Amino acid sequence: MVATHNAGKLREISALLAPHGVDVISAAALGFDEPEETEDTFAGNARIKAHFAAKQSGLPALSDDSGIMVDALNGAPGVYTADWAETPNGRDFPMAMGKVWSKLEDMGAKEPRSASFNCTLCLAWPDGHDEIFEGKVEGRLVWPIRGSHGFGYDPMFLPNGESETFGEMSPEKKHGMSHRAAAFSKLVDGCFD
């Protein structure tokens with residue numbers, strides 16, 4: 001099972017696991033609550049989510065904690081990536097991207113405005129042990145945002161060596177190079193091969 005309530009993450013994780021004959025169900029589909037993420041690292045929060053779901057379901061549970069880290073903002077928003085998008089009416093990622101860009105403008109951050117997308121996967125087992133797999137992709141931020149594919153901060157993130165933002169890329173192209181794909185490659189090497 002996948003310990004997520006995020007439909008975008010579920011789509012990407014399902015696509016990455018499908019070639020290995022793994023069908024997934026989300027914590028949301030099983031009616032599980034979301035545990036409070038109280039750690040200040042991606043690995044810490046991934047562990048919270050995976051262990052919570054494994055304990056509730058009695059099944060192995062895979063979680064993903066990921067976010068964008070902006071160098072000029074000392075790594076922010078980082079583990080608080082989704083929090084920057086919170087509003088009383090749910091998450092607003094265009095607003096969050098605007099917030100990031102405004103902070104960079106206000107501080108006069110020099111171009112290129114380097115950033116990285118980071119992903120930590122935790123595979124937790126009902127017996128309490130877990131395995132951690134990390135992936136990262138480096139790039140820079142662009143404005144105005146570009147593209148309607150992907151989710152979250154994808155439309156403002158331009159990976160190094162590419163001419164399209166994650167928001168402009170086809171899902172297949174993004175799956176081949178994203179931070180999540182890098183972490184999944186390590187998961188596959190560690191668990192499927």
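Considered as a group, the residues in the range 56-90 that are within 14 Å of the chain's Cα centre (by Cα) and part of a loop (DSSP other than H, G, I, E, B) include one that is farthest from residue 28 (Cα to Cα), and that residue is 81.
Taken over the range 57-99, residues that are modelled with pLDDT under 95 and of a type in the set (Lys, Arg) amount to 1. Close contacts from the range 1-14, counting a first residue that is under 12 Å from residue 65 (Cα atoms) and in contact (Cβ under 8 Å) with a residue 24 or more places away in the chain and a second that is β-branched (Val, Ile, Thr) and assigned to a loop (DSSP other than H, G, I, E, B), with Cβ to Cβ under 6 Å and a gap of 6+ residues or different chains, come to 2/24.
Which of the residues that make up the range 169-193 are more than 24 Å from residue 132 (Cα to Cα) and either touching a strand residue (DSSP E or B) at 6+ places or on another chain (Cβ under 9 Å) or among the aromatic types (Phe, Trp, Tyr) (or both)?
Within the range 169-193, the first condition is being more than 24 Å from residue 132 (Cα to Cα), and the residues that meet it are 169-173.
Correct list: 169 only.
Taken residue by residue, the range 128-142 has at least one member that is touching a Pro at 6+ places or on another chain (Cβ under 8 Å), assigned to a strand (DSSP E or B) and β-branched (Val, Ile, Thr).
Among the candidates 2, 24, the residue that is among the β-branched types (Val, Ile, Thr), at pLDDT 85 or above, over 14 Å from residue 130 (Cβ atoms) and buried (at least 17 other Cβ atoms within 10 Å of the Cβ) is uniquely 2.
The values are calculated or read from the model by the stated rules, or taken from the named source; none is laboratory data. Note that the structure is predicted; figures quoted are calculated from it, not measured. Please note: Cβ atoms are built from the backbone with ideal geometry, for glycine as well, and neighbour counts cover all protein chains shown.
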